[in-house]
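Nothing in this text is a laboratory measurement; each read-out follows from the coordinates by a stated rule. Just so it is clear, the model here is predicted, and its values are computed rather than measured. Reconstructed Cβ throughout: ideal geometry from the backbone, glycine too, with neighbour counts over all protein chains shown.
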Amino acid sequence: MLEKIHAKVQDWAQARQTVASWKRDGQRVVFTNGCFDLLHYGHIHYLAQARELGDRLAIGLNADSSVRRLKGAGRPINDEHTRRLMLAALECVDLVVVFEQDTPFELISLLTPDVLVKGGDYRPEDIVGADVVLAAGGEVRSLPYIEGYSTTAIEARIRSSGS
């Protein structure tokens, strides 16, 4: 089982080959990205919904350095190694690729998924990489958040209960 989980975590070159292979086999590849710092029900629901849009789900995961730049010095709470293996352990996830940049634009350009998905209040035209996916004939979708679930809210509850 652990071998299967570890096999889902790939570097950029491996991921490019994997996605190309899936596409050659006629499979529809969905891509999303994020920090996924404290994995919670909102994430699980969102990832399951994203997976239903295609045959394979690839996740671009912000590296620790990227999370710190985006979220601040106290983040991530879980390190990159932990976050990528937790995501890879999910049945709905087929591939996890870490990126160091602040956005996944380069990774999306490399993989060119069939469907690009983000959650929350993003309009499809504002999603990083939308232009690349649309130019390749793909689709861009925004999926709603589940109210009451966010890493920031969970972190705040943890910190307030400790005082």
Review point. Helix 12-24: angle to the longest alpha-carbon principal axis of the chain, degrees 0 to 90, nearest 10?
Key: 50 degrees
Check your understanding: How large is ³J(HN,Hα) for each residue in the stretch 109-117, as worked out from phi by the Karplus curve 6.51 cos²θ - 1.76 cosθ + 1.60 (θ = phi - 60°), to whole Hz, x for Gly and Pro?
Key -> 4, 6, 8, 6, x, 6, 9, 10, 10
Practice item. Kindly put Leu134, Leu90 in sequence by how many other C-beta atoms sit within 10 Å of each C-beta, fewest to most. Key: Leu134, Leu90
Study note, to complete from the structure: The base-10 log of I(q)/I(0) that the Debye equation returns for the stretch 64-106 at q = 0.17, 0.21, 0.27 Å⁻¹, one scatterer per C-alpha, is -0.52, -0.75, -1.00
Study note, to complete from the structure: Checking Thr82, Thr103, Thr18 against a Gaussian network model of the chain (alpha-carbon springs below 10 Å), the top fluctuating residue turns out to be Thr82
Check your understanding: Which three extents, in whole angstrom, do the alpha-carbon atoms of the stretch 35-155 cover along their principal axes, largest first?
Key -> 39, 26, 26
Study note, to complete from the structure: Amide H neighbours of Val96 at under 5 Å, excluding residues fewer than 5 places away on the same chain, with H built from the backbone geometry, are Val9, Gln10, Ile59
**Study point:** Check: the stretch 2-161 dipole with +1 on Lys, Arg Cβ and -1 on Asp, Glu Cβ, in debye
**Key:** 220 debye
Practice item. Could you give me the radius of gyration and the Dmax of the stretch 1-46, taking only the C-alpha atoms into account and expressing both in angstrom? Key: 13.1, 35
Exercise for review: Considering only Ala88, Ala63, Ala20, give the residue with the highest GNM mean-square fluctuation for the chain, with springs between Cα atoms whenever their separation is below 10 Å.
Suggested key: Ala20
Check your understanding: What residues of the stretch 107-132 lie in the reach of a label at Gln27, counting those whose backbone N is under 13 Å from a point 7 Å from the Cα along Cα→Cβ?
Key -> 114
Review point. Taking N as the number of residues in the stretch 19-104, what value does Rg over Cα atoms divided by 2.2 N^0.38 Å take?
Key: 1.10
